[in-house]
1. Tally time: how many residues in segment 60-75 are touching a helix residue (DSSP H, G or I) at 6+ places or on another chain (Cβ under 7 Å) and either within 15 Å of ligand 1 (Cβ to nearest atom) or among the hydrophobic types (A, V, I, L, M, F, W, C) (or both)?
2. Tell me yes or no: at least one residue of segment 30-48 is in contact (Cβ under 8 Å) with a residue 24 or more places away in the chain, aliphatic (A, V, I, L, M), more than 15 Å from ligand 2 (Cβ to nearest atom) and not assigned by TED's automatic domain parsing to the domain that holds Asp169.
3. So Leu82 clears everything in (1) touching a helix residue (DSSP H, G or I) at 6+ places or on another chain (Cβ under 8 Å); (2) in contact (Cβ under 8 Å) with a residue 12 or more places away in the chain; (3) not in a helix (DSSP H, G or I) except one condition, right? Which one?
4. Kindly indicate which of Lys116, Lys188, Lys144 is under 15 Å from the mean Cα position of the chain (by Cα) and crowded, with 22+ Cβ neighbours inside 10 Å.
5. Can you report the number of residues in segment 150-186 which are outside any strand (DSSP E or B), in contact with a strand residue (DSSP E or B) (Cβ under 6 Å, 6 or more places away or on another chain) and either closer than 15 Å to Ser135 by Cα or small (Gly, Ala, Ser) (or both)?
6. Between a residue in segment 1-12 that is under 17 Å from Lys101 (Cα atoms) and part of a loop (DSSP other than H, G, I, E, B) and any residue that is within 6 Å of ligand 2 (Cβ to nearest atom) and of a type in the set (Asp, Glu), which pairs come within a Cβ distance under 7 Å, given they are 6 or more apart or on different chains?
Amino acid sequence: MIKAVLFDLDGVIVSTDHCHYRAWKRMADEEGIYFDEKINDRLRGVSRMASLEIVLERATRAYTDDEKKELAERKNGYYRELISELTPADLLPGAMENLNKLKDNGILVAVGSSSKNTPIILRQIGLDAFFDAVSDGNNITRSKPDPEVFLKAAEMLGVPPAECLVVEDADAGIEAGRRGGMKTLSVKGAAGADYFAPDLSSFDIYEKIVR
Ligand code: BG6
Ligand code: MG
């Protein structure tokens with residue numbers, strides 16, 4: 001019996017992949033570090049500093065901790081410029097329909113995102129007051145695939161993990177949901193889930209899983 005649905009934000013509710021890609025690419029180009037879309041795919045669901053370590057795998061020199069901090073901040077500055085342009089039109093197809101249907105049927109909805117920029121993104125897309133709980137990169141110490149972000153969301157809602165469904169586009173996010181003892185729905189081909197949907201526009205979460 002599912003009482004709450006915990007949504008990943010980036011790549012599930014809103015399309016920010018390309019903003020992350022462009023921001024990392026700009027920083028990597030400035031540093032002379034090779035970076036492409038395939039490497040960007042590996043950053044999905046992964047925290048900012050863990051993402052930086054993946055980007056630096058292709059660096060030709062070692063970076064100190066202070067330099068790494070500066071690189072991550074620089075990337076985030078570029079990313080913030082890009083997400084300041086997001087509008088409700090950047091909601092992914094089917095996201096709003098699913099969110100409304102779940103809410104209308106008494107199911108709690110929460111965000112479970114690794115991103116520290118979650119509050120900014122939710123404001124940009126007009127959903128800052130929509131969710132019953134928001135758990136994000138600002139209230140966790142361990143990033144996905146650790147289940148912390150989803151366990152905190154479940155706790156905020158007062159719903160046992162076994163009665164939560166996690167919706168994710170990242171392998172790391174599906175693993176986090178599973179490790180947290182939750183049911184999982186994969187969109188865009190994330191591996192290892194209980195349920196699969198190509199995207200949310202062709203999938204009614206309430207009818208197909210919750211009801
Ligand atoms: C996740 C994204 O939602 O947030 C990752 O999928 C990103 O690609 C992570 O690295 C952290 O984001 P931020 O906004 O805190 O740098
Ligand atoms: Mg995601």
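1. First, pick out the residues of segment 60-75 that are touching a helix residue (DSSP H, G or I) at 6+ places or on another chain (Cβ under 7 Å): 63, 68, 71-72, 74-75.
Pick out the ones that are also either within 15 Å of ligand 1 (Cβ to nearest atom) or among the hydrophobic types (A, V, I, L, M, F, W, C) (or both) and you get 68, 71-72, 74-75.
Adding up the residues that qualify gives 5.
2. For segment 30-48, residues in contact (Cβ under 8 Å) with a residue 24 or more places away in the chain, aliphatic (A, V, I, L, M), more than 15 Å from ligand 2 (Cβ to nearest atom) and not assigned by TED's automatic domain parsing to the domain that holds Asp169: present.
3. Tallying (1) touching a helix residue (DSSP H, G or I) at 6+ places or on another chain (Cβ under 8 Å); (2) in contact (Cβ under 8 Å) with a residue 12 or more places away in the chain; (3) not in a helix (DSSP H, G or I), Leu82 fails exactly one: (3).
4. On the way: Lys116 fails: crowded, with 22+ Cβ neighbours inside 10 Å; Lys188 fails: crowded, with 22+ Cβ neighbours inside 10 Å.
Just a single option satisfies the conditions, and that option is Lys144.
5. 8
6. Val12/Asp169
Listed here are the residues, each with its yes/no results for (1) under 22 Å from Ala170 (Cα atoms); (2) not hydroxyl-bearing (Ser, Thr, Tyr).
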position: Phe35; (1), (2): yes, yes
position: Ala50; (1), (2): yes, yes
position: Tyr63; (1), (2): no, no
position: Met96; (1), (2): yes, yes
position: Asn100; (1), (2): no, yes
position: Ser113; (1), (2): yes, no
position: Ile125; (1), (2): yes, yes
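Per-residue answers, yes or no, for (1) at pLDDT below 95; (2) away from ligand 2 (no atom under 16 Å from the Cβ); (3) not hydroxyl-bearing (Ser, Thr, Tyr):
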{"residue": "Glu67", "(1), (2), (3)": "no, yes, yes"}
{"residue": "Leu71", "(1), (2), (3)": "no, yes, yes"}
{"residue": "Asn76", "(1), (2), (3)": "no, yes, yes"}
{"residue": "Thr87", "(1), (2), (3)": "no, yes, no"}
{"residue": "Ala95", "(1), (2), (3)": "no, no, yes"}
{"residue": "Asn98", "(1), (2), (3)": "no, no, yes"}
{"residue": "Leu108", "(1), (2), (3)": "no, yes, yes"}
{"residue": "Ser115", "(1), (2), (3)": "no, no, no"}
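The values are calculated or read from the model by the stated rules, or taken from the named source; none is laboratory data. Quick caveat: nothing in here was measured; it's all calculated off a predicted structure. As a convention, Cβ positions derive from the backbone with ideal geometry for all residues, glycine included, and neighbour counts pool all protein chains shown.
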